[in-house]
Amino acid sequence: MAELTGKTIAILAAKGVEQIELDEPRKAVEAAGATVHLISVPDGVEDGTVQGVNGDIHPGDTYPVDHLVADVSAADYDGLLLPGGAVNPDTLRQDGDALAFVTAFFSTDKPVAAICHAPWTLLEAGVLEGRTVTSYPSIRGDLRRGGATVVDEEVCRDGKLITSRNPDDVPAFSKAAVELFAAG
């Protein structure tokens, strides 16, 4: 497994984050030695935690938030992980600080890993034009209209961006995210 000791990875998530898409990649990144911070937006947090879901509608675990996105900078992190769930990226893409945070990773050529509905946030941040990505099927039309080429693959890599389709892809996505973050 790739080595991430000394690296700090941001996970940007809000209420409605798909639990498996947060838990499993986070475990993989931490097992490789990275420090992980859960970052959120004010509208995505209740009592200092983010509410996870299973299957987009069934309440799951809650996760303590380390920082609000307005209080951190992409410069503080070596990579960005964006889990899905339909509500999570819909909340994130409505927050200007979250969009600026995401955009900063792309403008500084830092690695980003996004799964399922998470590319919605990337779309709103304006960073997908000319890129090849995959996602949950229901948002693929949106991504195409935003200028992306969309493929149906377990893991799609375009430079320092990897994307995956859904919770079934989590094992391959987690492995690819660790490798991406290790390569920087």
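Restricted to helices (runs of 4 or more DSSP H) entirely inside segment 79-176, those with at least 1 residues that are surrounded by 20 or more Cβ atoms within 10 Å (Cβ to Cβ) and polar (S, T, N, Q) are 87-92, 119-125.
Over 15 Å from the mean Cα position of the chain (by Cα), under 15 Å from Lys7 (Cα atoms) and either assigned to a helix (DSSP H, G or I) or not hydroxyl-bearing (Ser, Thr, Tyr) (or both): is that true of Gly60 in this structure?
no
Scan segment 46-70 for residues that are among the aliphatic types (A, V, I, L, M) and open to solvent by 40 Å² or more (accessible area, probe 1.4 Å) and the total you get is 3.
Only one of Pro171, Pro167 is touching a Gly at 6+ places or on another chain (Cβ under 9 Å) and at pLDDT 95 or above; which? Full working, then the answer.
Details: Pro171 fails: touching a Gly at 6+ places or on another chain (Cβ under 9 Å).
Just one listed residue meets the conditions, Pro167.
Across segment 69-78, the number of residues qualifying as assigned to a loop (DSSP other than H, G, I, E, B) and touching a residue at least 40 places away in the same chain (Cβ under 8 Å) comes to 3.
Mind checking which residues of segment 102-120 are under 20 Å from Ala14 (Cα atoms) and either acidic (Asp, Glu) or touching an Asp or Glu at 6+ places or on another chain (Cβ under 9 Å) (or both)?
Residues satisfying the conditions are Val102, Ile115, Cys116, His117, Ala118, Pro119, Trp120.
If you go through segment 15-36 and keep only what is within 13 Å of the chain's Cα centre (by Cα) and either open to solvent by 50 Å² or more (accessible area, probe 1.4 Å) or of a type in the set (Lys, Arg) (or both), you end up with Ile20, Glu24, Arg26.
The values are calculated or read from the model by the stated rules, or taken from the named source; none is laboratory data. Only a predicted model underlies this, so the values are computations on that prediction, with no experimental measurement involved. Note that each Cβ is placed from the backbone with ideal geometry, even for glycine, and that neighbours are counted across all protein chains shown. Quick note on the areas: whole protein, heavy atoms, side chains included, nothing else; ligands and nucleic acids left out. Shrake-Rupley method; radii C 1.70, N 1.55, O 1.52, S 1.80 Å.
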